[in-house]
Amino acid sequence: MPEILLHYIWEHCLWAGYPQQTTDGQPIEIISVGEHNRDAGPDYSHARIRIGDQEWVGNIEMHVHASDWYRHRHHLDPAYDTVILHVVRDADKQVCNSRGKPIPQCALQYPSDRDYLTGLLAEARRMDGPEARIGCARQLLDDPQLLTDGWRRRLLYKRLDCKRSSIERLLAITHGSWEHAFYISLARNFGFHTNSVPFEELAIATPLSAIRKHRDNLFQVTAMLLGQSGLPVRDEHMAREYAFLRTKFNLTPIDAGLWKIGRIRPQNHPERRIRQFAHLLHSSEFLFSRVIETPDLKALVELFSGEALSRASIDILLINTVLPYRYAYACARDEGDADRYRASQLPMQMMEQIAAEDNAVVRQWKLLGQTVRNAADSQALLHLYQNYCQHHECVNCEVGYRIFFGNTLPL
């Protein structure tokens, strides 16, 4: 039995009508199956279940065989300490988290007819493809030109404007400090999606003012950030330095369990990214001002090139942090929609010079015959997927409107 089928049964509540219980006999009520996590870490987040009289909110991990928990080494990974239920087909072994605490386990009950399950598997595999998430997939396959360049450009503008709004909210929290807001946003994007939340928490817990007081000393900046991450500081000298800095600035480290480490490539390991971030802060005083004043894309790339970052990583930082901040800062000096549109032109032009992102959503669009030439395209298509396709806002999408009402668009 493939694990994808177990996920399908869980997500579509095909277990409904079958009594569920833990392997030690406690009744289970599944209140919410949670959200499917396609990155590193447990399979489902924000699930709600009741075991006996106790309600739990947290993560769900799934395996065909319970012993896969140990084969995948989850018992050594603190990221799985938040699992509230281990859902399996075959409960061949009791499992424990990294602290040695047993995890409640459920051998999921569901219809067992072989023909029925074979049909479900075909459906699960179909639902794992692009048609599951993009309602007009078949129409786009027949006519890729339904998604016009004009609609892509408007989507890119909308995406930049959404990011501007997020930056404005962060500016309100940082009392209007562009440098401080940029520091937090840059940290978040150093997490490269998988660890964006703990990186953001790290920046919030480590004031920029403290970093600046020791910016000239790379060892101290690195010690401060590594210590604040909650991850083990293996270098004794650095650990002592962090202890001194922690007392000096009254710092509190974040929870190490926030970091996702399992299935992470070595170049994306949190400690490596933290060291790169420390190096950037050390080598670039008043980084936000330099980002705003740097005249062209080549110079922006060079600004980030001294931190052992790959060009692909630099591109992600430019797309998600640098160019949105340039746009937001330009907008802050003007007023009105026309001014915002003019301010968006340079970031848009720079995105046209950056390679397209490569992720699951972009690959879906490519499967549907869409050409993705650069980051301007990939950002537009990401915005389309996240803000229209996922929410079934077809009638508000130019593609959906054309399908429903023909090629005459409303004025």
Task: Elements of type strands (runs of 3 or more DSSP E) in region 20-80, at least 2 residues being touching a His at 6+ places or on another chain (Cβ under 9 Å) and either hydroxyl-bearing (Ser, Thr, Tyr) or surrounded by fewer than 18 Cβ atoms within 10 Å (Cβ to Cβ) (or both) - done: 44-51, 54-65
Task: Those residues of region 136-173 which are touching a Pro at 6+ places or on another chain (Cβ under 9 Å), over 11 Å from residue 328 (Cβ atoms) and of a type in the set (Gly, Ala, Ser), in sequence order - done: 137
Open item on the list: Taking the condition of being part of a loop (DSSP other than H, G, I, E, B) and within 19 Å of residue 390 (Cα to Cα), how many residues in region 129-185 meet it?
Closed with: 6
- [ ] Out of the residues in region 371-382 that are over 19 Å from the mean Cα position of the chain (by Cα) and crowded, with 17+ Cβ neighbours inside 10 Å, state the one that is nearest to residue 297 (Cα to Cα).
- [x] 376
- [ ] Looking only at region 223-257, count how many residues are free of Cβ contacts under 8 Å to residues at least 60 places away in the same chain and not in a loop (DSSP other than H, G, I, E, B).
- [x] 20
Task: Every residue from region 211-226 that is buried (at least 18 other Cβ atoms within 10 Å of the Cβ) and more than 15 Å from residue 276 (Cα to Cα) - done: 214
Open item on the list: Quick test for you: out of 99, 89, pick the one residue that is modelled with pLDDT under 95 and in a strand (DSSP E or B).
Closed with: 89
- [ ] Check region 228-243 and report whether any residue there is of a type in the set (Gly, Ala, Ser), buried (at least 20 other Cβ atoms within 10 Å of the Cβ) and under 23 Å from the mean Cα position of the chain (by Cα).
- [x] yes
TODO: Take residue 288 and decide whether it is assigned by TED's automatic domain parsing to the domain that holds residue 353, under 24 Å from the mean Cα position of the chain (by Cα) and aromatic (Phe, Trp, Tyr).
DONE: yes
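The values are calculated or read from the model by the stated rules, or taken from the named source; none is laboratory data. Keep in mind that this is a model prediction, so the values were computed, not measured. Reconstructed Cβ throughout: ideal geometry from the backbone, glycine too, with neighbour counts over all protein chains shown.
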